[in-house]
1. Mind checking which residues of segment 352-373 are farther than 17 Å from LEU422 by Cα and either at pLDDT below 90 or not aromatic (Phe, Trp, Tyr) (or both)?
2. Testing GLY179 on (1) assigned to a helix (DSSP H, G or I); (2) free of Cβ contacts under 8 Å to residues at least 40 places away in the same chain; (3) not aliphatic (A, V, I, L, M), one condition comes back false. Which one is that?
3. PRO230 - would you say it is in a helix (DSSP H, G or I), farther than 30 Å from GLY395 by Cβ, modelled with pLDDT of 80 or more and in contact with a helix residue (DSSP H, G or I) (Cβ under 9 Å, 6 or more places away or on another chain)?
4. Return the only residue of VAL63, VAL78 being surrounded by 23 or more Cβ atoms within 10 Å (Cβ to Cβ), at pLDDT 80 or above and part of a helix (DSSP H, G or I).
5. Can you pull out every residue in segment 245-264 that is in contact with a helix residue (DSSP H, G or I) (Cβ under 7 Å, 6 or more places away or on another chain) and polar (S, T, N, Q)?
6. So which helices (runs of 4 or more DSSP H) stay within segment 257-366 end to end and still have 2 or more residues that are of a type outside the set (A, V, I, L, M, F, W, C) and touching a Gly at 6+ places or on another chain (Cβ under 6 Å)?
7. Please specify each residue of segment 280-305 satisfying the condition of being at pLDDT 75 or above, under 20 Å from PHE354 (Cα atoms) and not aliphatic (A, V, I, L, M).
8. Considering only segment 418-444, state which residues are of a type in the set (A, V, I, L, M) and either surrounded by 18 or more Cβ atoms within 10 Å (Cβ to Cβ) or under 13 Å from GLY349 (Cβ atoms) (or both).
Amino acid sequence: MGIAPHVPPADARPGDAAAAARGGTAIFVLQSLGRVFALLFVVAATRTLSPEELSRYSLAAAVTLLATIVSDLGVTPVLTAAVSRQPRHSERLLSATLLTSAGLGLVGYLAAIGFAVVAYPPQAVGDVALAGLGIPASAMASSVLAALDGHRLLARRSGITLAQTTVTALGGLALVQAGAGTRGALGALAMAPWVALALGAASARRHAIWSGRLRFDAAASWELLRRALPFAVGGGIGAVILRLDVVLLSLLASPTDVVTYDVAQRLVESLGYLTSAVCIPALVMISARLGTGRRSAAGQVYREAVRIAYLLGLPASMVVALGAEDIVGLVFGPSYRQAAAPLAVLGAGLWVLFVTQVQVVVITAGLRVALGLGLAVVHLAVVVALDLALIPHFGPGGAAGAMVASWVLMAFAYDRLHRRTLGARTPLPPARVVAACAPLGAWLVLAGPRMGLAAVAVGLVVYVASVVLTRAVGTADLERVRLLWSSSRPTPTVDASADDDRPTPAARHQLVDASEERFS
């Protein structure tokens, strides 16, 4: 059995864009809840566990995450594409390849333990061995969830992902509060993928996607792995970048430095997720326009999405950078005041992260895997070089500085790529948006390092008022934001048959024509 080749999203069935929009909304809402739960766990853990205990959790979780993503080997996106093109073959595809996924997960688990044995003391090896028990289940669950995605059950998949996060965060929190300590939290982390696998298998059986049967098919597994190779390298690099600084800190600095940086990074990651409100609909719209050859229209959507990222990112950066000390004290407690310095550095570059997340959407929408892979390699090299240069001298602050510097360098690299492939320049922050941020910055400076929540709230009110007074956002801008969401929900206009589910070029143009003129 072969794996169907992937095709651009423009050739999807007429209801795909609407399904993607509904699924995107569900993903945003449910994963936002997951982020809230994860942040609640970190907040509560900082007040229950000692810095040394939380450092153990951070280290084991980072190594486990690296092994989990790398052991996927790019199978998930390839399975999603294959099932999307041949939905009726999902039973054969999953039955033939899930044992391979389990094997990859087992290899990832053993690799994580091996790395821990070489790099860490026995206690940390035990932590990694416990946390990694869920890696094989995670590898299998990701394949099952990929099949749900291929059948356009995005909301169902998002609910299962939320359940996994809930077990990790709230289950871990309950065990910590019950006195189980670090090992309790790590046990919840290991249990969560098994819960996701059980729920995913039940959902797949309910929707006649997979019966639960398993058989090993060497030919199908090899074909799957061959097609997954480009995604595997890119995913592995992405995983390394995601937690490389935590792992390097564990090797080059003290456990206190590890947890100091980790809590700051987790807070910034939670704020960075705000761009999902822009990236999800932008992905749908840019994919549709690129699929119909409308580079100019795709560029218009891209520029507007970047502008919205500035509106969100610049004030967020100011609040985090100038209020880092107060935020750390309020959220994590006085024991973690040292996290204020790396948080301030990361906060200063938060707006750049917002922009790069939108830039990556264009690569994903255009299915430019090779170009994205090349940039991922460059990003990894930059992060490694900067971490090795800065961490020994500046500790957590050096790791934060290395990460921000890599964001800036990648923003320029993505801009150059998009100029060449899309013909669209990444816009600089609009003057009116910068002007609207000036009163907010002045207010935060006057409020001082211990400003409190009330001062932050007043500052945000000042920012909104400044946006209105400077006309940084006008009626036309609000209409574009509305279209960014609504135009990803086109009404189907094609009566496609079961034998030919590919809309004609004229029909595909209808799917994007309705809002394009108004958007520009």
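The values are calculated or read from the model by the stated rules, or taken from the named source; none is laboratory data. Everything numeric here is computed off the predicted structure, so don't read it as measured data. When we count neighbours, we look across all protein chains shown, and the Cβ atoms used for this are built from the backbone with ideal geometry, even at glycine.
1. Correct list: VAL352, LEU353, LEU373.
2. (1)
3. No, not satisfied.
4. VAL63
5. The answer is SER250, THR256, THR260.
6. Where helices (runs of 4 or more DSSP H) fall fully within segment 257-366 and carry at least 2 residues being of a type outside the set (A, V, I, L, M, F, W, C) and touching a Gly at 6+ places or on another chain (Cβ under 6 Å), they are 295-322.
7. GLY299, GLN300, TYR302, ARG303, GLU304
8. Listed by number, the residues that qualify are LEU422, ALA424, VAL433, ALA436, LEU440, LEU444.
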